[in-house]
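Chemist: The following block contains the structure, expressed as structure tokens.
The values are calculated or read from the model by the stated rules, or taken from the named source; none is laboratory data. Please read all numbers here as calculations on a predicted model, not as lab measurements. Note that we place each Cβ from the backbone using ideal geometry, even for glycine, and neighbour counts take in every protein chain shown. Please note that ligands, DNA and RNA were not included when accessible areas were found on the heavy atoms of the full protein model with its side chains. Shrake-Rupley method; radii C 1.70, N 1.55, O 1.52, S 1.80 Å.
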Amino acid sequence: MAVIEAGLVEDGAAVLTTADGRPLKEALAAAQRRAKWRAFLLVAPLLAFILLTFVQPIVQVLQQSVYNPKFSEAMPGMVQWFKDHPRGTEPDEAAYAILVADLAKGYKDHSVAGAGERVNYAIAGTRSLFTSAGRKAASLTPPYKEALIALDPQWGDPKLWSVMRQVSHAYTLDFFLAAVDLERDSGGNIVQVAENQRIYVTLFLRTFAMSALITVLCLILGYPVAHLLAVLPVRKSNLLMILVLLPFWTSLLVRTTSWIVLLQGQGVVNSILVALGLITEDGRLEMINNRMGTTIAMTHILLPFMILPLYSVMRPIPPSYVRAARSLGATSWTAFRRVYFPQTVPGIGAGTLLVFILSVGYYITPALVGGSTGTLISNMIAFHVNKSNNWSLAAALATILLVAILVLYWLYDKVVGIDKLKLG
């Protein structure tokens, strides 16, 4: 242990120093800096892991939602022509000559398919239009306008040129517009897409509505189970806790497919109802490939995430509180409402927040049991990533979902207080 001595004198007062003559204030500051560096080095691996596996993917998603350079990199000549000529300019022979040169160059360096794919997000079928024209572009001779239109009349369509102008910018908000069923017309104005193409707003509303319903069902079913866990003797409580945790030891895919067996038309539930005479053979219930199937399966899967936070706040509540309220004349309902329930609010908030956030991002269960009416926005995001290859639109949808969750988190903090959140 360092020895502290009275040494230097400043303004008539002795300055405390360490055994080696350093001022005590300076020595303490140095010790604090070393302690902070040691603490930082201890958490540095975890911080690096979080940055690489959590923060970086989110940043990439945010960038992907507004950045798509497939057209701008493959067609630099057209990008420059659009910059030099304002919207509404009729493409002349010079514009078609530049287009042919870009198509030939893009076919040579294998980038023309990407340019066509970027345009294809707005006009279906244009990917093959670009690749076909790129294959023949080197053999075309002037006049290029007539030559291209002869290959395919769509090259003379003003809508195609309007879309090429829109996608000539690597950075764009068009994917966010598409994510809320909007688009730009030939004049650059923001308008709604055709009525038969408006799917994303409906999916967002369905996702939030079904997630809220699942959260409420989990709360209704989980609250009494958590209360029972909290008031039972330890031996019986541990046994019941094993039953609650048992689904975690089973594969999610197995649990979901089990619900398919139970809920399908010729499944266990319908067969029992027919055997009991509650429904007829011809009146079997449709409980799969719809919203009902998604709601039932996801409620079962997410129920433990509601029970555990509730149990964590119920267990420490002394039973004497309710008994004291009863002894003072309160009824059972009054004692529960005014004494017991307020103490479980932090667990309710944690459980509902956890279940809701998990449910809005669920993918496997809605994909297997949801059908056409029970799928959620996460399934559409997966479709654009795996099948349509429109990663920018998938990123825009995911970003909107992320922002909605952050807004929910902010509202919870304002209404309840995030400091009251208890998960265990």
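Chemist: Might you let me know whether region 160-181 holds any residue that is part of a loop (DSSP other than H, G, I, E, B) and modelled with pLDDT under 90? Walk me through it before giving the result.
Modeler: Step one: filter region 160-181 for residues part of a loop (DSSP other than H, G, I, E, B), giving 168-170, 172-173, 180-181.
Of the ones still in play, those that are also modelled with pLDDT under 90 are none.
Among the residues of region 160-181, not one is part of a loop (DSSP other than H, G, I, E, B) and modelled with pLDDT under 90, which makes the answer no.
Chemist: In addition: Can you tell me which of PRO309, PRO342, PRO304, PRO316 is at negative phi, part of a loop (DSSP other than H, G, I, E, B) and either surrounded by fewer than 22 Cβ atoms within 10 Å (Cβ to Cβ) or at pLDDT 90 or above (or both)? I'd like the intermediate steps shown before the answer.
Modeler: On the way: PRO309 fails: part of a loop (DSSP other than H, G, I, E, B); PRO342 fails: part of a loop (DSSP other than H, G, I, E, B); PRO304 fails: part of a loop (DSSP other than H, G, I, E, B).
Result: PRO316 is the single residue among PRO309, PRO342, PRO304, PRO316 that is at negative phi, part of a loop (DSSP other than H, G, I, E, B) and either surrounded by fewer than 22 Cβ atoms within 10 Å (Cβ to Cβ) or at pLDDT 90 or above (or both).
Chemist: Sticking with this structure for a sec: Can we say GLU26 is in contact with a Ser or Thr (Cβ under 8 Å, 6 or more places away or on another chain), in a helix (DSSP H, G or I) and open to solvent by 80 Å² or more (accessible area, probe 1.4 Å)?
Modeler: no
Chemist: Select from region 90-115 the residues that are open to solvent by 50 Å² or more (accessible area, probe 1.4 Å) and on the phi < 0 side of the Ramachandran plot and list them in ascending order.
Modeler: Step one: of region 90-115, the residues open to solvent by 50 Å² or more (accessible area, probe 1.4 Å) are 90, 92-94, 98, 101, 105, 107-110.
Listed by number, the residues that qualify are GLU90, ASP92, GLU93, ALA94, ILE98, ALA101, LYS105, TYR107, LYS108, ASP109.
Chemist: Give region 74-98 a look and list any residue that's more than 24 Å from ALA113 (Cα to Cα) and part of a helix (DSSP H, G or I), or say none.
Modeler: ASP84
Chemist: Checking LEU376 against (1) crowded, with 17+ Cβ neighbours inside 10 Å; (2) within 25 Å of PRO309 (Cβ to Cβ); (3) more than 14 Å from the chain's Cα centre (by Cα), which single condition isn't satisfied?
Modeler: (3)
Chemist: Within region 214-241, which residues are hydroxyl-bearing (Ser, Thr, Tyr), more than 21 Å from LEU376 (Cβ to Cβ) and touching a residue at least 12 places away in the same chain (Cβ under 8 Å)? Let's see the steps before the verdict.
Modeler: Step one: of region 214-241, the residues hydroxyl-bearing (Ser, Thr, Tyr) are 215, 223, 237.
Restricting the remaining residues to those that are more than 21 Å from LEU376 (Cβ to Cβ) gives 223, 237.
Within region 214-241, TYR223 is the sole residue that qualifies.
Chemist: I've got another one for you. Which residue pairs have Cβ atoms closer than 7 Å, lie 6 or more positions apart in sequence or on different chains, and pair a first residue in region 94-107 that is under 18 Å from ALA150 (Cβ atoms) with a second residue that is open to solvent by 10 Å² or more (accessible area, probe 1.4 Å) and not in a helix (DSSP H, G or I)?
Modeler: So the pair list comes out as VAL100/LEU140.
Chemist: Another question, then. Hey, could you check region 373-424 for residues that are among the hydrophobic types (A, V, I, L, M, F, W, C) and under 30 Å from ALA230 (Cα atoms) and say which is modelled with the lowest pLDDT?
Modeler: Going through region 373-424, the residues among the hydrophobic types (A, V, I, L, M, F, W, C) turn out to be 376-377, 380-383, 385, 391, 393-398, 400-408, 410-411, 415-416, 418, 421, 423.
Still in the list and also under 30 Å from ALA230 (Cα atoms): 408, 411, 415-416, 418, 421, 423.
Numbers: LEU408: 85, LEU411: 82, VAL415: 72, VAL416: 69, ILE418: 67, LEU421: 59, LEU423: 53.
Per the stated criteria, the residue is LEU423.
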